[in-house]
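Report on the structure given below.
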Amino acid sequence: MGGPGSTGSTGATGATGRAGANTAPVPTLEELALLASEAEAAIASSATRASWEALRVSWAGAKSGRLKELQALIPKAADKRAFGQAFNLLKARVEDALAARDTELSRVEAAARVEAERVDVTLPGRRPLVGSLHPVTLVSREIEAVFRSLGYSIAEGPELEDDRYNFALLNFPEDHPARDAQDTLFVEDGRLLRTHTSPVQIRTMLARQPPIRVICPGRVYRNDNDLRHSPMFHQVEGLCVAEGITLGDLKGTLEAFIARLFTRQTKARFRPSYFPFTEPSAEVDITCQICLGNGCPTCSHTGWMEILGSGMVDPRVLDNCGIDPDRYSGFAFGLGLDRVAMNKYGIPNIRSLFESDERLLRQVRG
Ligand code: PHE
């Protein structure tokens with residue numbers, strides 16, 4: 001067996017390298033045996049990986065471990081052979097103790113890991129977060145469904161519009177104050193962000209002849225911002241043009257629509273109004289759904305909420321679009337989707353619709 005006892009020269013070199021080892025007294029054989037027992041006891045009782053590691057370094061550390069120091073004393077021993085054998089025994093006992101404790105600590109560590117990773121299969125599962133449609137989308141789809149059932153189809157148009165479609169063909173004369181009421185956001189090169197979805201009614205009439213029944217949902221823009229107004233909002237425009245269409249058709253259609261979209265208790269009132277492209281014109285208010293008519297900040301304490309503009313299409317507009325006003329008549333209406341969503345879901349501030357606050361979206365489920 002090639003123990004340190006037989007490699008005396010190596011041990012001697014190691015010892016010369018360390019001043020401490022040179023001066024240390026050479027222990028007796030009994031002392032070596034006692035050291036072995038002490039080491040075994042300390043190692044066996046090391047409670048943590050860290051204290052085991054500290055013992056390993058102090059005993060078996062490659063550079064300055066206790067074993068290395070003792071090995072360096074072999075050449076100095078009176079009986080080198082006996083000392084070498086006792087040292088080999090000590091070394092084997094320390095190494096065995098370290099290995100045994102290592103195995104045991106690994107077992108304890110593995111058990112702790114299993115315990116920590118234990119899954120309680122009896123716990124209730126976590127529900128996945130399910131997305132929902134935005135209130136404005138919900139309302140838009142609902143309105144589309146109502147009008148589809150009345151024979152309407154859906155038309156769309158661009159958000160960046162021409163003055164002609166947004167104003168001129170809709171009978172807004174140049175410099176007429178009615179243009180002011182639209183708080184228009186202009187873009188360079190004379191174009192503008194559409195202030196209403198009415199340009200889609202123009203585009204539809206230019207493209208085809210009656211009978212026409214369309215609704216046009218979409219985003220619109222105005223320079224306006226308060227509890228009920230946002231600079232970007234949504235409208236649905238409705239247009240019905242055919243032979244013999246009357247104000248009675250307009251009223252009946254809108255009343256049926258409001259009853260279906262809101263509750264049967266929801267009242268509608270028609271107020272005479274003015275739009276350049278309809279004559280006569282009416283604005284439609286419904287019972288404020290936030291306060292149910294009692295008055296609240298959202299309805300400015302009137303109990304009513306304006307949701308619709310409407311009227312009989314002005315013959316001039318029909319004419320502008322190449323439709324014979326002597327043969328055809330029609331009605332149009334435009335409503336704010338956001339207003340409807342606020343009323344339907346009791347949302348008092350229009351801005352909360354556009355703040356992407358999940359709490360609001362979670363409360364409104366289709
Ligand atoms: N376009 C009008 C607006 O936004 C609403 C409207 C549409 C009124 C159709 C009458 C007829 O103010």
Item to check | Cysteines (scope the chain) whose Cβ has no counterpart Cys Cβ under 4.7 Å | outcome: CYS216, CYS240, CYS321
Checklist entry - If R0 is 22 Å, what FRET efficiency do you get for SER352 and LEU133 from their C-beta distance, rounded to 0.05? => result 0.85
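If you build the Cα gyration tensor of the stretch 254-343 and take the root of 5 times each eigenvalue, what three semi-axes come out, in whole angstrom, biggest first?
Values: eigenvalues 182, 31, 20 Å².
Taking √(5λ) for each eigenvalue gives 30, 13, 10 Å, largest first.
Over the chain, what lengths in whole Å, largest first, do the semi-axes of the equivalent ellipsoid take, defined as the square roots of 5 times the eigenvalues of the alpha-carbon gyration tensor? Kindly include the intermediate steps, with their values, before the conclusion.
Details: eigenvalues 1868, 107, 61 Å².
After scaling each eigenvalue by five and taking roots: 97, 23, 17 Å.
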Item to check | Helix-only [θ]222 nm of the chain, DSSP H runs n ≥ 4, -39500 (n - 2.57) each, per residue, nearest 500 | outcome: -12500 deg cm²/dmol
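Sorting check: for 108-117, 307-316, 128-137, 39-48, which peptide has the highest mean count of neighbouring beta carbons within 10 Å, and how do the rest follow? All intermediate terms of the calculation are to be shown ahead of the outcome.
Values: 108-117: 9.6, 307-316: 21.7, 128-137: 13.5, 39-48: 15.4.
Ranked by mean Cβ neighbours within 10 Å, highest first: 307-316, 39-48, 128-137, 108-117.
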Checklist outcome for this item: When LYS76, LYS267 are ranked with the fewest other C-beta atoms within 10 Å first, the list becomes LYS267, LYS76
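Treat the count of other C-beta atoms within 10 Å as a stand-in for reagent exposure and order TYR328, TYR274, TYR345 from fewest to most.
Values: TYR328 20, TYR274 14, TYR345 17.
With the sparsest Cβ surroundings first, the list reads TYR274, TYR345, TYR328.
Just so you know, all these numbers are worked out from the coordinates, no wet-lab data involved. Keep in mind it's a predicted model, so treat the numbers as computed, not measured. Cβ: placed from backbone, ideal geometry, glycine included. Neighbour counts: every protein chain shown.
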